[in-house]
Every structure is written in C-alpha cells, then in structure tokens.
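Here the structure comes first, spelled out in structure tokens, and everything after it is commentary.
The values are calculated or read from the model by the stated rules, or taken from the named source; none is laboratory data. Remember, predicted model here, so these are calculated numbers, not experimental data. No Cβ is skipped: glycine too gets one built from the backbone with ideal geometry, and neighbour counts run over all protein chains shown.
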Amino acid sequence: MSTVAFRLVTNVPATQIPEQSHWRFVASTLALAVVLLAAVAGFNAWMDTTGTLGTGQVDPIAALPRDRAAKVTLVERVDSPELVVLGSSRAKRLDPRELGPAGARGVNAAAVGADLLEARVLTRWLADRVSGERPFPHLVVGVDVEQFRSSSLRESGMLAVPEVADVAREEARADGDGDAPLLPLLDDLLLTWSATRTSIAAAFEREQLEREAARAAEDPNEITRTQPVDLFDGHGLLRSDARFAKASVRTAVAAQLPRELTVTVSDYQGRYRGFGAEPSADAFADFRAMIEIAREQGDTPLIYLTPMHPSVQAALRPLQREARRQAVLEFLRSEEAKGGFRFVDCSLDCVGDDPLLWSDGVHLTPAGARVLARELRTRVA
C-alpha cells in the first residue's frame, strides 16, 4: 500500500500545482505576521507602561511617571505654593516647612531619578501657571553630582504626565531634542517580548487597581493605590516615613546601614565606569535654562549640592567621582558669580556620618533631612 501511495503522490504532474498558490501562501503568512506585530505594537503603545511614548491613553503604572504625576498633582492642590523643592530622590525628605518662613505653603516636588532637564521643565511649568493671584514660588533645588549627565525626555516619564507633557516637549525642542530620540527605542518599546509581558502584567494590575478604587468608593477607610498622590502628605512627604517616629524603626534602619552602604557602593561603581569625570554640557545648559526661567519670574533659587555618605565617596574616588564633583562645583560657583541664585555646597560636610541620619549611601533619613534643612537655613541666613 505504501508503494502504491508513493506512486500516486509522485506521479502528480507539477503543472497541476499552480505556482500562484505558493506565493499566496507566502503573502498570507507575511500579512498575518504584520497584523500580529501591529496588534502587539498597538497594545504596548496603548499600555505605555514606562510613560516613554506619552500616548496618554492609559495612566502608566511605572514608578517614575507615577511619582512625577503625584508631585504635579500636589502642587496643583496647593494651588499657590510659596516654596517648592525640586530634585531627585535625595531631596524627597526635605520638609518645605523647615526651609521657608513660618506658615508658608510649601510642596516637596522632588522625584525619584529626576534630572536637571526635569527640573527645567517643572520650573517652566510653574512659570506658565503664574497669574495675578498665583505668584511664582521660591525654589529650593537639590542637585546631585551624578545629575550632570546627558538625559533624555523619553526616559524621564514626564511625557506620561498630561499637565507637563506639552511643556516638556517645548523645552526639549528648544534645544533641538524633539521626537527623534524616540526612534531608536521603538523596537524595544513595542515589539519585544519583555515589553509585551510587562504590558500584559500592567493590564492585570490595572484591573486590580480598578477593583481597589471601587472598594475605596464604598469604604472611605479602604487603602487604594490608584492615586499615587495619596502616598504623600499635603507637603509632598511620604506618609510611610511616619514609621520613623518609632525608636525601634530608627535603630533598625541604622543597624542595616553597613549593608546598605555596600549596596550603594556596588551600584555607583557600575554607574561611574560609564560616567567618567567630565560632566555633560547638556546638563549645564538645562541648569542655566532653569535659573533663567526662575530669574525672569523674580525668584532667586537656593541651589545646594546634595551630600553623599563619606564612605561611598571614598570608595568611588578611584573611579573619578571626586574629579567630577570638583568639575560640578567649579561650574556652580562660576554660575553663582554671575548672579541669579544662591549656592550651598553640602556635598561633603552638611550632614556627617551618623548612622541615624542615613538610610543608605545617598539617601537621608527624616532626621538627616532635618539636619540638612537646618544647615541650609544657617548658611543662607
């Protein structure tokens, strides 16, 4: 039977199998692949979990844009803040009430991973909000030695915050940094399995958040994560930091500091192998633009160079961190001499190395932030 079947198959003339059918099969397969890729890309663009695309169709759940969205919302809730703190996570624990006059309305708008481009964007946004009954606030800006690097609007999460997205685009275009930086990222953002897996997880997370919101609507005491602004109090400080009121928590955090310092050193050693000693000219331009915007509004910002734990500074010295610090310090002092802002160098001696003042090698505890605020007030008095 097998021989007969073989003869039946092999005896079919080739002319009876039209050549067009092969091409139809190939074309159909390619069309299906294109449709599938388009569907995957569209789904990932719709979710935009990192906030890089700025589609604005679904609120991002990634930490960076949610953190920025929360701080923008806080500023709008205060409506007319008299003092605003800007900076990275190293400035997030500065209490604006300890920096301005008694009773002044202040908001800490510092955000995780924020860079000088973002400080420039938020300063412009604050300036655009100025009206007869809404004056420009006094700015206190913590700048990190590590912030003086090339930065990307697409990577910041700012495009996922509707209130500032247009301002961010305008500031980027002012320096010739428009939409072009997005193009090299499209494959990673839209067509990789990693991006798709994250989008699927985000979809399930979104459903969970919506269920939490529904429960919160029925029960005012229900804790919900749908509004990242609820993680902060009215001054922009993390509500979770209330735990530091307990002596046991302060002692436990101090006991963990040696391990945290080791982790910080390892992290920043990896960063500095790519940084080098030379700061970025783009970061210098962003800093100057931020100061100019504030100056036009009649403000003289207080700029301070953020501290780093002494042991971490020592560990990074072979990787040119001290050379970079000196270069940044020289730039800031030369800019201060031109007028427009007051500068305090807190990179070495504003806080000290008391274990109760540090949560890791670059972040202060609430107690450390109070020491820093007191030092800033003293040095600018």
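The requirement of being out of contact with any strand residue (DSSP E or B) (no Cβ under 9 Å at 6 or more places or on another chain) and part of a helix (DSSP H, G or I) is fulfilled nowhere in region 99-116; no residue meets it.
Okay, residues lined up against (1) modelled with pLDDT of 95 or more; (2) surrounded by fewer than 14 Cβ atoms within 10 Å (Cβ to Cβ); (3) farther than 21 Å from VAL112 by Cα:
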| site | (1), (2), (3) |
| --- | --- |
| ALA202 | no, no, no |
| ASP219 | no, yes, yes |
| ARG239 | no, yes, no |
| PHE244 | yes, no, no |
| ALA254 | yes, no, yes |
| LEU257 | yes, no, no |
| LEU261 | yes, no, no |
| VAL265 | yes, no, no |
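Among the residues of this structure, GLY361 does not count as one that is in a loop (DSSP other than H, G, I, E, B) and surrounded by fewer than 19 Cβ atoms within 10 Å (Cβ to Cβ). State yes or no: is ARG333 of a type in the set (Lys, Arg), modelled with pLDDT of 95 or more and over 26 Å from PRO81 (Cβ atoms)? Considered against the rule, which asks whether it is of a type in the set (Lys, Arg), modelled with pLDDT of 95 or more and over 26 Å from PRO81 (Cβ atoms), ARG333 comes out as yes. ALA289 fulfils the conditions (1) within 22 Å of the chain's Cα centre (by Cα); (2) more than 27 Å from TRP125 (Cα to Cα) except for a single criterion, (2).
SER347 - would you say it is out of contact with any helix residue (DSSP H, G or I) (no Cβ under 7 Å at 6 or more places or on another chain) and either farther than 19 Å from ASN108 by Cα or not in a helix (DSSP H, G or I) (or both)? No, not satisfied. Would you tally the residues in region 136-167 being buried (at least 24 other Cβ atoms within 10 Å of the Cβ), modelled with pLDDT of 90 or more and assigned to a helix (DSSP H, G or I)? Adding up the residues that qualify gives 1.
To keep it simple, each residue is scored yes or no on (1) within 20 Å of the chain's Cα centre (by Cα); (2) over 23 Å from ARG149 (Cβ atoms); (3) of a type in the set (S, T, N, Q).
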{"site": "GLU76", "(1), (2), (3)": "yes, yes, no"}
{"site": "ASP79", "(1), (2), (3)": "no, yes, no"}
{"site": "GLY87", "(1), (2), (3)": "yes, no, no"}
{"site": "GLY103", "(1), (2), (3)": "no, yes, no"}
{"site": "VAL112", "(1), (2), (3)": "yes, no, no"}
{"site": "LEU122", "(1), (2), (3)": "yes, no, no"}
{"site": "ARG129", "(1), (2), (3)": "no, yes, no"}
{"site": "PHE136", "(1), (2), (3)": "no, yes, no"}
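Among the residues of this structure, ARG243 does not count as one that is touching an Asp or Glu at 6+ places or on another chain (Cβ under 9 Å) and either small (Gly, Ala, Ser) or assigned to a helix (DSSP H, G or I) (or both).
Going by the conditions given, is GLU322 within 27 Å of ARG169 (Cα to Cα) and either in a helix (DSSP H, G or I) or of a type in the set (S, T, N, Q) (or both)? If you could, list the steps in order and put the result at the bottom.
On the way: within 27 Å of ARG169 (Cα to Cα): no; either in a helix (DSSP H, G or I) or of a type in the set (S, T, N, Q) (or both): yes.
Judged against the criteria, GLU322 is not a match.
Filtered by the rule that a residue be of a type in the set (Asp, Glu) and touching a helix residue (DSSP H, G or I) at 6+ places or on another chain (Cβ under 9 Å), region 311-344 gives GLU322, GLU335. Being of a type in the set (A, V, I, L, M, F, W, C) and either at pLDDT 80 or above or in a loop (DSSP other than H, G, I, E, B) (or both) is not true of VAL34.
Looking at ALA294, ALA277, ALA285, just one residue is farther than 30 Å from ALA252 by Cβ, at pLDDT below 95 and not in a loop (DSSP other than H, G, I, E, B), and that residue is ALA285.
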